[in-house]
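Engineer: Structure incoming, see below.
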Amino acid sequence: MRNRKDAHEGDRHVDECSLSVPVRLMGRIKLDTITDLARRGYDAKITCSGCGHVSHWNAIELADELSRRRKPLRIEAVEPMMRCRACGKRGAVIQPVEQF
Ligand SMILES: [Zn+2]
């Protein structure tokens, strides 16, 4: 059981914490580049934003492919230029997935 004073201090503490942590990434690791995926041992799951077609890439192979074409490796830069093999549209969502 807490008294009034303790409860108040507890509330203030929570407020300070939420200010210092603006973004909560629940169960999601912050990954900026394809190389980050490769380094952490993830594959890349690429979902077409047009038709939902999903393809899996080995992150190391994808990083190689992109650097060979002199493309950026930042995930947010790669996403809009991915072209779907199924519907031919550009734009996709890249997510890290465990390697098979
Ligand atoms: Zn598609």
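The values are calculated or read from the model by the stated rules, or taken from the named source; none is laboratory data. Note that this is a predicted model, so its numbers are computed, not measured. FYI the Cβ positions are ideal-geometry reconstructions off the backbone, even for glycines, and counts take in every protein chain you see. Protein only, heavy atoms only, side chains kept; ligands, DNA and RNA dropped before computing areas. Shrake-Rupley method; radii C 1.70, N 1.55, O 1.52, S 1.80 Å.
Engineer: β-branched (Val, Ile, Thr) and more than 14 Å from the chain's Cα centre (by Cα): is that true of Ile34 in this structure? Let's see the steps before the verdict.
Structural biologist: On the way: β-branched (Val, Ile, Thr): yes; more than 14 Å from the chain's Cα centre (by Cα): no.
Judged against the criteria, Ile34 is not a match.
Engineer: Between a first residue in the range 76-100 that is within 14 Å of Ala38 (Cβ to Cβ) and modelled with pLDDT of 95 or more and a second residue that is open to solvent by 70 Å² or more (accessible area, probe 1.4 Å) and of a type in the set (Lys, Arg), which pairs have beta carbons less than 6 Å apart while being 6 or more apart in sequence or on different chains?
Structural biologist: none
Engineer: Against the conditions (1) free of Cβ contacts under 8 Å to residues at least 40 places away in the same chain; (2) hydroxyl-bearing (Ser, Thr, Tyr); (3) farther than 14 Å from Thr33 by Cα, where does Ser49 fall short? Just the number, please.
Structural biologist: In the conditions (1) free of Cβ contacts under 8 Å to residues at least 40 places away in the same chain; (2) hydroxyl-bearing (Ser, Thr, Tyr); (3) farther than 14 Å from Thr33 by Cα, Ser49 misses (1) alone.
Engineer: Looking only at the range 30-59, filter to residues that are touching a Lys or Arg at 6+ places or on another chain (Cβ under 8 Å) and part of a loop (DSSP other than H, G, I, E, B); which one of those is least open to solvent (accessible area, probe 1.4 Å)?
Structural biologist: Checking each candidate, the answer is Leu31.
Engineer: If you scan the range 72-98, which residues turn out to be open to solvent by 90 Å² or more (accessible area, probe 1.4 Å) and more than 16 Å from the ligand (Cβ to nearest atom)? Steps first, please.
Structural biologist: Step one: list which residues in the range 72-98 are open to solvent by 90 Å² or more (accessible area, probe 1.4 Å), which gives 74, 76, 83, 85, 89-90, 98.
Within the range 72-98, Arg74, Glu76, Glu98 qualify.
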